[in-house]
Every structure is written in structure tokens, then in C-alpha cells.
Amino acid sequence: MARFYEPTAEQEAGYRAWVASRPATVRAVAERFEPWSLYRLQSTGQRVTVAAFGVTADGTVTVSVNVLALFNFVTFERQVFGIHPDELEPCELPAPDEPTGALLTAKEVDDNLDALRVAARPDLWTMEDGKAVRKH
């Protein structure tokens, strides 16, 4: 498993204290994942970092992850929520010659969100007066 940065002793102690203060179900999952380590999302093969833990209405603990251009070649960076913890496995950093980066910045996505919605899901969105409008 690769760490993408080395935490200070205070950061490690702080994380351990935070984990210890969580409810038992969250604690059991949080103990498996360090915020400074890299994981592979099995369903997509992307390298991710853990951003947060959540609990669904039925009590299932899920993980939110960051999909970053630093570790992947992506269309745009994003955060994905609702990931089952078993979908994550420890992984290594990208090889030095492996392509990484993002095609679009967050600002470009924001500036073009309406066009992206229509282009990606024309079955759900239509363009009216320069704005994406959800089809009924």
C-alpha cells in the first residue's frame, strides 16, 4: 500500500483519536483506511483517496472517495460517495511513466455544466435558451 504523503506524528495520533470516537460500525471501517494512503476502486480500477465515511438509512457504512488527476488520467476530478468499503483495496502510486492528469478543470466543468449534461445524457436533458432543462 502506498502513502501519497507521510503524516506527522500528530496527524496519525489525531486520526487514531478521531477513529476511536466514532460509533462502532464506523470505527470498524475507518480503522481499515488511512487518509494518507492510496486505494484502488475495484469497479473502475481508479486510484482513490478516502474523503469521508457515511452511514445509510439501513446502517451500512459507506465511503466517499476522491478521484484525483494526481493518481489517474480522468476527464475531470470528482468525489464519489456511497462506495462499499469492500470495493477498495490498497494499491501503489502510479509508475513515473504512467499518464496522469485531467482533461477538464473544475472551473471548465462548472462553466460548461449545462452542455455536459445534455451531451452526456440527452435522454434526461435538453437545451432550452442556453440552459440544460431536465426532461419530464
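Would you be able to say whether some residue in the range 60-67 is polar (S, T, N, Q), modelled with pLDDT under 95, more than 21 Å from TRP36 (Cα to Cα) and assigned to a loop (DSSP other than H, G, I, E, B)?
No, the range 60-67 contains no residue that is polar (S, T, N, Q), modelled with pLDDT under 95, more than 21 Å from TRP36 (Cα to Cα) and assigned to a loop (DSSP other than H, G, I, E, B).
Taking the range 86-118, which residues are in a helix (DSSP H, G or I) and hydrophobic (A, V, I, L, M, F, W, C)? Across the range 86-118, the qualifying residues are ALA106, VAL109, LEU113, ALA115, LEU116, VAL118. Among the residues of the range 29-74, just one is among the acidic types (Asp, Glu), surrounded by fewer than 15 Cβ atoms within 10 Å (Cβ to Cβ) and within 20 Å of ARG16 (Cβ to Cβ), namely GLU31.
Checking the stated criteria, THR25 turns out not to satisfy the condition of being of a type outside the set (Phe, Trp, Tyr) and closer than 30 Å to ARG134 by Cα.
Within the range 70-82, residues that are within 8 Å of GLY101 (Cα to Cα) sit with their Cβ atoms under 7 Å from residues that are among the polar types (S, T, N, Q) and crowded, with 17+ Cβ neighbours inside 10 Å, at 6+ positions apart or across chains, in these pairs: ASN72/GLN46.
The values are calculated or read from the model by the stated rules, or taken from the named source; none is laboratory data. Every value quoted in this text rests on a predicted model; they were computed, and no experiment measured them. Quick reminder, even Gly has a Cβ in these numbers, built from the backbone with ideal geometry, and neighbours come from all protein chains shown.
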